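Worksheet: the structure to be examined is printed underneath.
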Amino acid sequence: MDLALLIVLTLCAIPLVVFTSGAFTIAIAVALLVFVPGYALVSALFPKRDSLQPVERLAFSLILSIAVVPMIGLILHYTPWGIRTSPIIAVLSGFIIICSLIALWRRRRLPKEERFEPRIHLSVPHLGGGTGFDKALTCLLVVVVLGAIGTLAYVVAAPKNVEKFSEFYLLGAEGMMEDYPQEAVVGQPVHVTVGIINREQKDTTYAVEITIDGDSVDQIGPFLLSKGNTWEDRVTIVPTKAGADQRVEFLLRRNGEAEPWLTLHIMLDVREEA
């Protein structure tokens, strides 16, 4: 019944955590992060009653939860979904349900008297009895629980300092980090791809000025880019005079500022038309 209840509560917690907020939601999220994944995994690994002592099962549930959740976050970091609330809740819930189903299957293959069944004892634990290992494990459990609760409380309460910046980049004509133009002919166009990513945490106006050896030859914008969005376009450059090592600069300005915020450049060898 504990595993069946775990699956039902996990399915009920998904919309609660994703679509609501408040102290109760935070409590549910804390349970999903610091206890439930480890408990499901321990249940799948140790279905027998005598495999672990109750305090060991509880300690391993907390420790494995603290290990599993960052691992899931690390895996999601390298996926298109990234580390966001919805993907984390979805993957974590899937992990809990799969482990719980495996644990149910393994328990049912055991004789009933050998299956683990959670039991609640209303006695107050003390450190006076038991072996040295039990005492050490109990102390470790207390430290882990207090550390986990303290860390989560800090993460929830601490102000979120989000870094604000703009990304400005150049790519080749086909939008790849290759095939940058190096040679050109007077009067004939060359192409590059210019991109901007707005990470200023607000809508921002951008403009890009293009110069060749300090002489302005073109300007893009100004245009408004919403926060978090990306602008990317293929830009045409037409050299007007011959010369080696001509510096083609791309000057990014924000919100009408006179001074460029970021600068990128390529070098062109321009020759006369044959």
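For the range 64-86, filtering for residues that are surrounded by fewer than 17 Cβ atoms within 10 Å (Cβ to Cβ) and either in contact with a helix residue (DSSP H, G or I) (Cβ under 7 Å, 6 or more places away or on another chain) or in a loop (DSSP other than H, G, I, E, B) (or both) leaves 10. On the stretch given as the range 173-203, residues that are at pLDDT 90 or above, in contact with a Ser or Thr (Cβ under 7 Å, 6 or more places away or on another chain) and part of a strand (DSSP E or B) total 5. Yes or no: the range 40-54 includes at least one residue that is closer than 18 Å to I14 by Cα and in contact with a Ser or Thr (Cβ under 7 Å, 6 or more places away or on another chain). Yes, the range 40-54 has at least one match. On inspection, A242 qualifies as over 38 Å from the mean Cα position of the chain (by Cα) and of a type in the set (A, V, I, L, M). Considering only residues in the range 2-47 that are in a loop (DSSP other than H, G, I, E, B) and on the phi < 0 side of the Ramachandran plot, the one that is modelled with the lowest pLDDT turns out to be S21.
Quick grid of which residues meet (1) out of contact with any strand residue (DSSP E or B) (no Cβ under 7 Å at 6 or more places or on another chain); (2) buried (at least 16 other Cβ atoms within 10 Å of the Cβ); (3) not assigned by TED's automatic domain parsing to the domain that holds P189:
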| site | (1), (2), (3) |
| --- | --- |
| I210 | no, yes, no |
| G228 | no, no, no |
| E249 | no, yes, no |
| E257 | yes, no, no |
| I266 | no, yes, no |
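R57 - would you say it is in contact with a strand residue (DSSP E or B) (Cβ under 9 Å, 6 or more places away or on another chain) and in a helix (DSSP H, G or I)? So R57 fails the test.
The values are calculated or read from the model by the stated rules, or taken from the named source; none is laboratory data. Bear in mind the structure is a predicted one, so any value in this text is a computation, not a measurement. Virtual Cβ from ideal backbone geometry, glycine too; neighbours counted across all protein chains shown.
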